[in-house]
Amino acid sequence: MSTLTAPARPRRAATRATAWLAAAALCTSALVGAFAATPAHAADPVNLTGIILGVGADESQRIVTWYSSADTTQVVQLAPTAAVSNGQFPADAKTFSALGAANIASSGGFNRHATITDLTENTAYSYRVGSVDGWSQAYTFNTRTFDGDYDFLFYGDPQIGSSGNLAKDQAGWTDTLDVSLAANPNAELLVSGGDQVETANTEIQWDAFLAPDKLRQYPWAATIGNHDVGGKAYEQHLFTPNTDRSAAYYSNGQPTSNTSGGDYWYIYKDVLFIDLNSNSYKTSQGGGGDDAHVGYVTDVVNQHGAEAKYTVLVYHHSIYSPAAHAKDGDNKQRKIDFPTVFSNLGVDLVLQGHDHSYSRSYEIKNGAKANPDEQPGQNEVFPGPGGVIYVTANSASGSKYYDITAPDDSGTSGAGNGADPLNPQSYWYNSVQNQEHVRSYVKVQVQKDQLVVENIRSGTCDAPNAAVELGNVPWCGPDSGATPAQPVGSVVDAVTIHQNHGDNQEIAVTVPTAAPGEFGWKIDGRNTLVDLGTAVDHDGDYFEANGQINPIVVTDTRQSLAPWSISASVGDFRDGTNTFSGKYLGWTPKVIEQGAGATAGAAIPTGYDSGQGLSVSRGLSFADEGHERGTAKVGADLALKIPGLVDSGSYRATLTLTALSS
């Protein structure tokens, strides 16, 4: 008879044995996790604060940053949330070593950061920071698919502390995060417009900014603002990927001084994000100024632009904004230095902060309105080659708002700050301008052939709205307060930015993630007794019998096209206490139906003549690496030849089949 065993060390097996093995693995995992508790150390606990989840170099990475009260060796510990039981991480949880140094700030302490790598898509993860001497509480985040459409949220200037009331600023900031993520729970990135806090090295402001747990659940893509640049706290709290901290990208040209800076980039799915320290815009203070940023953006786009479908720039100082900073001298300089370069490089969208008001530009090419016929508030745009849309975000916390100013041509340079001929109350470059003294955020939908940008209200005139509560602004609501405030979640502005394809036709197809496939085998039909019948006596010298094994169906649909093999061996033949060796059984393998690269194994003679026959493992069939996917049917003709001295009887043995694949 044939007794089938589970395939040894399968890559992906089939049949009932597979289900049993999978269940066994799950039980083992649960058992290990139950005893993975970390011993508590009561003496001198390490205080771990300021934990924030940051964006990584791509969708398979995250960076975690935190503060520590002690200069000890620390890690990020990570496990699938499903493997964490009662707060205890399994023994096989991954760890990622942390780097850091002493804080250069009045708060003292130390900073740490670690990069989580090799995340898998569509997985819930739990993580904590610290060491066996003390862990933080555990936090969770989710990965999504690593390709295709997704949404990200953009937040302007929380600037915690700028209203004069820290608690009210924190309340507004927390509420905007809660509101925006309740409405968009599957958003994959939180993108900063800069000015996280009012005063660069004031840690109580950073504590308030970092208080919301949403910043430990969704990756924050930091941007440095003018209120962040004056100390090292920004860099210590917000470590970023692919960051160039050369002197050119610091406003004073001194990366080791008590200032923050640097430019960085990352790719998330189909978007190349480039983030600039726009505080460094001139060379007179020692930095590389705008020329350095232009060189950086050019190099990154040339090296990585082909890896993404869209290019999005992020920096703090808005060059096309409508409020208090619209006519600033540094702003006018950037209007000369940036737009033509961005057009030439094929930038699609520029996200900015600083002016604490909302605006969405017309299509801008080389520093001018590209399409004179584009109408104010037009909800669809079709930028031609070099057309760029610039968006400025209003306050996400309600800590400070700037009122929209009137356009004029006084003291301007470049294209100036004149009025829009189609809407003389607005600046020439803005399709939409808005200030209602209510909190808002920007939602960007990244889709196959378009970007959809929406400015959405996250608050009303009611608390939490620090600037209104404290009387820092005299009115609230649309039309300078003449119209009642609109509800939370209502849309201020929406535009669909269609991708430009030039004069050619582009053809797109989405190739889904291939099913991993499987490798396995089973008996073809019923696993009946392999009956060799009654052996033929050859004049008392030996007995001989023949037959064939039940055919085996082999299926390999894996994408890896890895090699596989099926082998077999037979034990002793037994009838009660009588036995004879399985070496007397030999075979001739065959491929009955071609497929899956199946090749027949070598013929093995019966051991009556020489050798060990099938008493040792022999190859039935195999396929080399790179074989085609599919199904094959294999079998073998059996030949039994036993000495004539064997006692009469009805003997049985077990043929054990084993499947292997790398």
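General observations
- Residue within the stretch 374-382 that is closer than 20 Å to Phe154 by Cα and touching a Pro at 6+ places or on another chain (Cβ under 8 Å) present: no
- Residues in the stretch 69-82 that are over 16 Å from Gln137 (Cα atoms) and either without any contact (Cβ under 8 Å) to a residue 24 or more places away in the chain or of a type in the set (A, V, I, L, M, F, W, C) (or both): Ala70, Ala82.
- Counted residues, the stretch 245-257 - those being out of contact with any Gly (no Cβ under 6 Å at 6 or more places or on another chain) and of a type outside the set (Val, Ile, Thr): 4
- If you go through the stretch 297-324 and keep only what is open to solvent by 20 Å² or more (accessible area, probe 1.4 Å), under 17 Å from Asn277 (Cα atoms) and touching an Asp or Glu at 6+ places or on another chain (Cβ under 6 Å), you end up with nothing.
- Every condition in (1) touching a residue at least 40 places away in the same chain (Cβ under 8 Å); (2) open to solvent by 30 Å² or more (accessible area, probe 1.4 Å); (3) farther than 20 Å from Thr528 by Cα holds for Gln612 except the one numbered (1).
Results for (1) farther than 17 Å from His113 by Cβ; (2) without any contact (Cβ under 8 Å) to a residue 40 or more places away in the chain, shown as yes or no for each residue.
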residue: Trp206; (1), (2): no, no
residue: Pro212; (1), (2): yes, yes
residue: Arg216; (1), (2): no, no
residue: Asn226; (1), (2): yes, no
residue: Asn252; (1), (2): yes, yes
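- Scan the stretch 521-537 for residues that are under 14 Å from Thr656 (Cα atoms), assigned to a loop (DSSP other than H, G, I, E, B) and either among the basic types (Lys, Arg) or open to solvent by less than 60 Å² (accessible area, probe 1.4 Å) (or both) and the total you get is 1.
- Any hit, the stretch 147-167, residues being under 24 Å from Asn86 (Cα atoms) and open to solvent by 10 Å² or more (accessible area, probe 1.4 Å): no
- Condition check for Gly481: among the small types (Gly, Ala, Ser), open to solvent by 30 Å² or more (accessible area, probe 1.4 Å), at pLDDT below 95 and touching a Pro at 6+ places or on another chain (Cβ under 9 Å): no
- Of all residues in the stretch 90-124, those satisfying the criterion of being outside any loop (DSSP other than H, G, I, E, B), of a type in the set (S, T, N, Q) and open to solvent by 30 Å² or more (accessible area, probe 1.4 Å) are Thr95, Ser97, Thr115.
- The sole residue among Gly607, Gly586, Gly635 that is assigned to a loop (DSSP other than H, G, I, E, B), open to solvent by less than 40 Å² (accessible area, probe 1.4 Å) and modelled with pLDDT of 95 or more is Gly607.
- Residues in the stretch 528-565 that are under 18 Å from Thr631 (Cβ atoms) and either in contact with a Cys (Cβ under 9 Å, 6 or more places away or on another chain) or of a type outside the set (Val, Ile, Thr) (or both): Asn550, Pro551, Asp556, Arg558, Gln559, Ser560, Leu561, Ala562, Pro563, Trp564, Ser565.
- Which listed residue, of Ala138, Ala114, is of a type in the set (A, V, I, L, M) and within 15 Å of Ile63 (Cβ to Cβ): Ala114
- Test: residue in the stretch 75-88 that is part of a helix (DSSP H, G or I), at pLDDT 95 or above and closer than 30 Å to Phe154 by Cβ: yes
- Leu640 being in a strand (DSSP E or B), farther than 21 Å from Gly525 by Cβ and not charged (D, E, K, R): yes
- Cβ-Cβ contacts under 6 Å between residues 6 or more apart (or on different chains), taken from a first residue in the stretch 540-553 that is open to solvent by less than 20 Å² (accessible area, probe 1.4 Å) to a second residue that is part of a strand (DSSP E or B) and of a type in the set (A, V, I, L, M, F, W, C), are listed as Ala545/Leu640; Ile549/Ala636; Ile552/Trp521; Ile552/Val634.
- Exclusive hit being more than 30 Å from Leu645 (Cβ to Cβ), touching a residue at least 24 places away in the same chain (Cβ under 8 Å) and of a type in the set (A, V, I, L, M, F, W, C), set Phe573, Phe622: Phe622
- Within the stretch 60-82, tally of residues that are open to solvent by less than 30 Å² (accessible area, probe 1.4 Å) and either more than 22 Å from Tyr234 (Cα to Cα) or in contact with a helix residue (DSSP H, G or I) (Cβ under 7 Å, 6 or more places away or on another chain) (or both): 5
- Among the residues examined, Asn465 qualifies as of a type in the set (S, T, N, Q), in contact (Cβ under 8 Å) with a residue 12 or more places away in the chain and within 20 Å of Asp175 (Cβ to Cβ).
- Filter pass, Ala562 being in a loop (DSSP other than H, G, I, E, B), open to solvent by less than 60 Å² (accessible area, probe 1.4 Å), of a type in the set (Gly, Ala, Ser) and under 30 Å from Val616 (Cα atoms): yes
The values are calculated or read from the model by the stated rules, or taken from the named source; none is laboratory data. What you are looking at is a predicted structure, and each value in this text was computed from that prediction instead of being measured. Please note: Cβ atoms are built from the backbone with ideal geometry, for glycine as well, and neighbour counts cover all protein chains shown. SASA here: full protein model, heavy atoms, side chains in, ligands and nucleic acids out. Shrake-Rupley method; radii C 1.70, N 1.55, O 1.52, S 1.80 Å.
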